[in-house]
Structures are given as C-alpha cells and as structure tokens.
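Peer 1: Pasting a structure below so you can have a look.
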Amino acid sequence: MSLFQVAGVIIALVALFGFLNHRLSKLPDAIGITAMGLVASLATAVIGKRVPAVSEWAEQTIAAVNFPDTVFHGMLGLLLFAGSLHIDLGEIAKQKWAVAILATVGVLLSTLLVGVGMYLAANLLGFHLGFVYCLLFGALISPTDPIAVLAVLRRVGIPKSLEIKIAGESLFNDGTGVVAFLTILGIVVAGEPKPSSDIALLLVQEVLGGIGVGICIGLLGFFMLKGVDSYPVEILITLAMATAGYALAESLHTSAPIAVVVMGLLIGNQGRRLAMSESTRQHLFSFWELLDELLNLLLFGLIGIELVVLPLSPSYLLFGLIAIAVVLLARLVSVAVPLSALHLFRPVASNAIRIMTWGGLRGGISVALALTLPNFDGRTLIVTATYAVVIFSILVQALTIGPLVRSWNAKANPESSAEVPAGSRSKHGAESTT
C-alpha cells in the first residue's frame, strides 16, 4: 500500500474506535480509543492463529506506519507546541526549582532504580538481560510523557501549583531522558561507557541548546506575528515554528522537544498579549486546541493498534506486569526525594507525592524510543515491558487519577471538600478539588 492508503486505513480505524467508544464504553476519548485499539489488536491476534493472512496484513500495515518516525518527526513538535501554548510562564517561573529538580535528578534517579529492579526481575524469571539493557529501559520509561500528562490534567482538578509542577516536569524532562537514553544506548552499541565530560557536554548541548534555539525562533515568530493581522497567515507562522523549528533544532543537535516547548511558552504568553488581535487570538488558539485533540486521538489509537506485533507469551506478560510495579515504585521514590527536600524550604501541596506518582503517565514517546532500539537479545522483552507500562498508564492511571485525587483531597480536607458541591467546575472545566 502507498503511504496515503496506509494513512487512510489508520485514520479510518481510529475514527471507528472513537465511534465504538462513544456508542459502547463511553470512556474519555483518548482512553477509550486506546482500549478499542487494544481489543482490536487482541482480536486480530486470535483470528490470525486460524487465518494467518489476517495477521500478516495487520503486521504489514503497522510496519508501514513507522511509529518512531511518525511520533518524533510528525506529531511530537505539533503536540508539544499546542500543549505549551496554554501553560502560564509566570506560574512555571514560581515552580522553577521543583520543575528543574524533578526533570533532572528525578529522571536520573528513576532510571537507576528501574534498571536495578528490572535486572533483578529478569534474573528471577530466567531471562538473560544484562544490567546495561535494564538501564536502557529505565532511561526510556522514566521521563513522563507530556502528551499523556497534559491530556489528563485538562480534566483533573488539582491545586494550581501542583498542576504546574506536573506539567512543567513532563515538558522539560525529555532533555534529561534523551541524554540518558543516548548515553546508555552508546554503551550498548560501542560496548564501553562515554567519559563523564562527554555526557555533561551532551546534556548542556541538548538542554541549553534547545532553550537557546527555542528563544531565537520564538522571538522571530513573535515579531512576525506582531507585523501582520491576518489569522490564516499567523496560524501558518505558528505551524512553521512547530515543524520547521523542530527540524532546525534537530539539525543543530539540540533538544527539539525543549526548543518547541520554549517557542510555545513565548507565543502562548507574550505573543498572546502583545502580538495578536482579539480575532487572531480566538482563531489561532481554537485551531491549536482542535489540532491537539485530533493528534492526541490518532496517537493513542496508534498505540493500541501497534500491540498487534507483540508476543503474548505468559513469561513476557509477567515481565511486563513486574515492570509496571517497578516503574511505579521508582516514580514514587524519584518524586518523594526531591519534594521532601524542597519541603524544607517551601510548603508542598497536600498529597503532592501521591498525585505526582500516580499522575506520572507514560505514552507514545516511550513506545517510540523502545521501537528505535537496534536488534539485540532482549529487545522484544524491553519493547513488551514498555507497552505494558504505557497501556497501564493510559487505561488505569489516567482513568482513575481524577477519582483518586478527589478521594485523597476529601480525606485531607474534609471540611473544605464538603463545602464544594458535587460536580462543581473550575475555570478549566475540571471538577474542583482544591
């Protein structure tokens, strides 16, 4: 099939999943579409055992999508730009130390803990998976996924300061995660670790370089937006920033995700106030909200469909279940240690550790990183574990975080929770639990 035909099949399937979800399960769109994709993948695997042609067609179609390329060089720049447009830069500045520590120390601590835990689990189950490969899994699964996190935060009422911590961490921890991933992947490929000076230089280049590129392109976009008053042209300018700006940052070997986030923050704050007319502001932000929703649905649908290529042996599934527990425990420690340290200097929101642990979702970025791994003994095991954690994040954590937050807040503040009528809404459309 041609690329256009493959795209048509995928979009039609995701649209069908959305329709079936609304008619049958009525789950939130992204979660329901993922669940429908999972059911379709399992059904394909079962039918394929009796009719091999079905499995072959499904695998060929999925192989033609090239999930890592679709995510990293198609959706990611657009989704990150759309997400960061709605983040208050002033609130991020207030939480800068918490965001910075969680996005660096937290990610590295989680990578180490996951690596140790999965190495022990692999030995327990009889898998010959080296420690460096377990660390590689820790590096790709430890950064929280901004796409998944921001999608859930829109409908969960939590204190503003905590919302900013979670959103800010997810937007900026990709730089640390990518450096850790590339460093460990280099050890896997070359067989020897890089000098610490090279790792530090790579971190500076990725993070600070990404911030620098983002500021430069963000300012250029700001002045271009200020110089015209035509919302189609201004929307096109922001599209160019999210796509061409992302590609430029990649070509300069800096963190493209961080660069796009910085651009979005500049346009969503200074650009919104100083460079747009009211008409442009309304059309531009409505366009990005719609594009964000559509791309999210396509991405979550793809995650569900991609499961068709995974092995379903009991030992692999058990390894995936253990990975879920290990990743959650590592997340708990990597959040509790920084927040407990910060609590010595400033107060931390009630239930912050529990909410950030359960709200640390993984999504398409982790899957895409896992699928970029070269062939080695244990690659399928790591990919399976990644899918297990991501599916659990989307179908269980994302679906239950709202009720859990309301329950935890009610127990911590019984008087204030009693004063808030059931179903009351915050200005962001989520039920208020503050």
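Peer 1: How high is the relative contact order of segment 144-276, given as a whole-number percent (alpha carbon pairs under 8 Å, six or more residues apart)?
Peer 2: This gives 27 percent for segment 144-276.
Peer 1: Using label points projected 7 Å from each Cα along Cα→Cβ, tell me how many nm separate LEU312 and ALA325, to one decimal.
Peer 2: A separation of 2.4 nm, rounded to one decimal place.
Peer 1: With springs only between Cα atoms under 10 Å, which of VAL327, VAL46, VAL389 fluctuates most in a Gaussian network model of the chain?
Peer 2: Looking only at VAL327, VAL46, VAL389, the biggest GNM fluctuation is shown by VAL46.
Peer 1: Here's a follow-up. Using the beta-carbon distance between LEU220 and TRP97 and R0 = 25 Å, what value does 1/(1 + (r/R0)^6) give for FRET efficiency, to the nearest 0.05?
Peer 2: 0.25
Peer 1: May I pose another question? Could you tell me what a quarter of the Cα convex hull surface of segment 211-289 works out to, in nm² with one decimal place?
Peer 2: Mean projected area of the Cα convex hull: 4.4 nm².
Peer 1: In nm, to one decimal, how far is the ALA64 label point from the SER407 one, both placed 7 Å along Cα→Cβ?
Peer 2: 4.5
Peer 1: Which three lengths, in whole Å and largest first, does the chain cover when its Cα atoms are put on their principal axes?
Peer 2: 59, 54, 53
Peer 1: Under a plain spin-label model, where a point goes 7 Å from the Cα along Cα-to-Cβ, how far apart in nm are ARG23 and HIS283?
Peer 2: 3.7
Peer 1: Let me ask another. So how compact is segment 1-104: Cα radius of gyration and Dmax in angstrom?
Peer 2: For segment 1-104, the Cα radius of gyration and maximum Cα-Cα distance read 18.9, 59 Å.
Peer 1: Starting at the first residue of segment 56-67, write each ³J(HN,Hα) from the Karplus equation 6.51 cos²θ - 1.76 cosθ + 1.60 with θ = phi - 60°, in whole Hz, x for Gly and Pro.
Peer 2: In residue order, the calculated couplings are 4, 5, 5, 5, 5, 5, 5, 4, 6, 6, 6, 4 Hz.
Peer 1: Please tell me the relative contact order of the chain in percent, rounded to the nearest whole number, where contacts are Cα pairs under 8 Å and at least six residues apart.
Peer 2: Computed value for the chain: 26 percent relative contact order.
Peer 1: If you don't mind, another one. Given a Förster distance of 56 angstrom, what is the FRET efficiency for SER196 paired with GLN270, based on the Cβ-Cβ distance and rounded to 0.05?
Peer 2: 0.90
Peer 1: Further, regarding this structure: Each residue of segment 8-23 in order: what ³J(HN,Hα) in whole Hz does its phi give by Karplus 6.51 cos²θ - 1.76 cosθ + 1.60, θ = phi - 60°, with x for Gly and Pro?
Peer 2: x, 4, 5, 5, 5, 5, 5, 4, 5, 4, x, 5, 5, 4, 5, 7
Peer 1: With the contact rule set at Cα under 8 Å and sequence spacing of 6 or more, what percent relative contact order holds for segment 73-169?
Peer 2: 38
Peer 1: Expressed as a whole number of Å, what is the distance separating the alpha-carbon centroids of segment 300-358 and segment 61-104?
Peer 2: 18
Peer 1: Using θ = phi - 60° and the Karplus curve 6.51 cos²θ - 1.76 cosθ + 1.60, what whole-Hz ³J(HN,Hα) does each residue of segment 96-111 get, with Gly and Pro shown as x?
Peer 2: Here the 3J(HN,Hα) series is 4, 6, 5, 4, 5, 5, 5, 7, 10, 4, x, 5, 5, 5, 5, 4 Hz.
Peer 1: Where Lys and Arg each count +1 and Asp and Glu each count -1, what net charge lies around ILE141 among other residues with Cβ under 11 Å from its Cβ?
Peer 2: Here the charged neighbours net out to +1.
Peer 1: Which trypsin sites (Lys or Arg not before Pro) does segment 1-101 hold that lie in a coil by DSSP with at most 13 other beta carbons within 10 Å?
Peer 2: Those satisfying the criteria are LYS26.
Peer 1: While we're on this one: Could you tell me how far the Cα centroid of segment 13-58 sits from the Cα centroid of segment 382-404, in Å?
Peer 2: Comparing the Cα centres of segment 382-404 and segment 13-58, I get a distance of 17 Å.
Peer 1: Compute the distribution of all C-alpha to C-alpha distances in segment 215-349, in bins of 10 Å from 0, and list the percent of pairs in each, rounded to whole numbers.
Peer 2: Values per bin, smallest distances first: 10, 24, 23, 25, 15, 3, 0.
Peer 1: If you don't mind, another one. In Å and from the alpha-carbon atoms only, list the Rg and Dmax of segment 284-379.
Peer 2: 18.2, 49
Peer 1: Next question, about the same structure. In nm, what is the difference between 0.36 nm times the number of residues separating ALA336 and THR380 and their Cα-Cα distance?
Peer 2: Stretched fully, the ALA336-THR380 segment lengthens by 12.7 nm.
Peer 1: Which residue, GLU91, GLU59, GLU278, tops the fluctuation ranking in a GNM of the chain built on C-alpha contacts under 10 Å?
Peer 2: Its mean-square fluctuation being the largest, the pick is GLU278.
Peer 1: Alpha carbon centre of segment 361-379 versus segment 213-252: separation in Å?
Peer 2: 31
All of the numbers you see were taken from the coordinates with simple rules; none came from a lab. Predicted model only: the values in this text are computed from it and were never measured. Ideal geometry is used to build each Cβ from the backbone, glycine not excepted, and the neighbour counts take in all protein chains shown.
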